[in-house]
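Report on the following structure.
FYI, it's all coordinate maths here, none of it is from the lab. Every value quoted in this text rests on a predicted model; they were computed, and no experiment measured them. Cβ placement follows ideal geometry from the backbone for every residue including glycine, while neighbour counts extend to all protein chains displayed.
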Amino acid sequence: MSIDPIFLFDPFDLWDLDDTSYGARVDWKETAEAHVIKADLPGVRKEEVKVEVQDGNVLQISGQRKREENEEGDDVNKLKEKEAEGSSWHRLERRFGSFLRRFRLPRDAKTDEAKASMENGVLTVTVPKQDKQQPTSKAIDISSA
């Protein structure tokens, strides 16, 4: 048995995900005005993605990337059946199935004003921040007893 040196170490195999789910990769940036969350969702249509706020400040991004068929009609679910016919897959790295990510937003997030857009397989969720209020002080009169 020979070992292919190209596949000795594959950093993408470190994620322990089953065949029915995967974790969408996300970047979260905080600016002076908003929290901006970007999720890579290649091959997912915006109709297959759900963005919602739960419990007042938990942003949830969920959806499903469906398996697709190629030109020859090979459904990756029929892998063993096709192998018997003489074709075989060399590498199956793309993830399919459901995904779900949750983020607890800070108190300054205006979740009722959140907006989402999707372009070129990247979902962008923008949650504006409340204006920082300067601490106020009020003098309290001391009365005599």
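Summary of computed values
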read-out: C-alpha center-to-center spacing [segment 25-70, segment 99-137] in angstrom; value: 12 Å
read-out: Karplus (6.51, -1.76, 1.60) ³J(HN,Hα), θ = phi - 60°, over segment 24-39, in Hz, Gly and Pro reported as x; value: 5, 6, 10, 10, 10, 10, 10, 10, 5, 9, 7, 9, 10, 10, 10, 10
read-out: Label-to-label distance, nm, for residues given as Arg101 and Thr124 (7 Å Cα→Cβ offset); value: 1.5 nm
read-out: 30 Å Cα-Cα threshold exceeded, pairs from Lys29/Lys138; Lys110/Lys138; Lys66/Lys110; value: Lys29/Lys138; Lys66/Lys110
